[in-house]
1. Need the list of lysines near Lys208 for cross-linking: C-alpha distance under 21 angstrom, and skip anything on the same chain fewer than eight residues off.
2. Under a Cβ-Cβ cut-off of 9 Å, what is the net charge of the residues other than Val201 that fall near it, where Lys and Arg count +1 and Asp and Glu count -1?
3. Would you mind counting up the charge near Leu94? Only other residues with Cβ under 12 Å from its Cβ, with Lys and Arg at +1 and Asp and Glu at -1.
4. How charged is the neighbourhood of Gly45? Take every other residue with its Cβ under 13 Å from the Cβ of Gly45, and add Lys/Arg as +1 and Asp/Glu as -1.
5. Non-local amide H neighbours of Phe67 (under 5 Å, H modeled in plane, Pro and chain starts lacking H): which ones?
6. Could you tell me which residue out of Gly88, Tyr5, Asn58 lies farthest along the dipole of segment 1-132 toward its positive end? Charges go on the beta carbon: Lys and Arg +1, Asp and Glu -1, centred on the Cα centre.
7. What angle, in degrees between 0 and 90 and rounded to the nearest 10, separates the Cα long axis of helix 11-23 from the longest principal axis of the Cα atoms of the chain?
8. Rounded to the nearest 500, what is the chain's calculated 222 nm mean residue ellipticity when only DSSP H runs of at least 4 contribute -39500 (n - 2.57) each, over all residues?
Amino acid sequence: MKHLYIIGARGCGRETYSLFESCKESLGDIECVGFLDDKSDALDGYNGYPPVIASVENFMPKEHDVFICALGEPKWVKYYTEIIERKGGKFISLISPKAYIGQNTIIGDGCIINTLTTISPDVKIGKHVYCGAYTTIGHDAVIDDCCHIGAFGFLGGGTHISQCVTLHPRVNILPHKKIGNNAIVGASSVVVRNVSPDTTVFGIPAKKL
């Protein structure tokens, strides 16, 4: 049996545990045994969850251990997943049984695809990408590693989301636009032109802050 550890025991981690419960039948012989978090009391006051086992830094993966990272900020997703990968840990993806995945779509390891997400054909998604509920991703889109796409997002066909991008909920990106590395797009923004790396934009149309 494989043992799943969720990195992060805060809100996103608890949501990810619920997602695991909804799709574990499709994952085979696997059990979620706990969370990795530097706050040992992160689950105090919450019931029905497995315990916080250790911090990421202090945990050593074993042969049958697998991982998923449930953190909201891409820079920390990249940081902690690299620690586990350097120790030889392996990541799995969690895909809601209520998500639609189109033909020829490629999804990397460690992704979280939430309920009623629609991913059109021929999309390429890298490692450790988070897709919130009701996200729609158009055909031929490319999403690089460690991106966070909030709920109800829309990515038009042919868009390119570069590494460690944050798209807050209800963002709309017109087709064939590129969002540069580490960029942040504020909630409910409409992106009508390319966004430069390390830039925060917001509004309709989205403009640099």
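Read the figures in this text as sums done on the coordinates, not as results from a lab. Quantities reported herein were computed from a predicted structural model and do not represent experimental measurements. So basically every Cβ, Gly included, is an ideal-geometry build from the backbone, and we count neighbours across all protein chains shown.
1. The reachable lysines, counting only those whose Cα sits under 21 Å from Lys208, are Lys75, Lys177, Lys178.
2. Details: positive: Lys207, Lys208; negative: none.
Summing Lys and Arg as +1 and Asp and Glu as -1 gives +2.
3. Values: positive: Lys24; negative: Glu15, Glu21, Asp109.
After counting each charged neighbour, the total is -2.
4. Net charge in that neighbourhood comes out at +1.
5. Tyr5, Lys90, Phe91, Ile92
6. Gly88
7. 80
8. Values: 2 runs with 26 residues, N = 209.
Computed ellipticity for the chain at 222 nm equals -4000 deg cm²/dmol.
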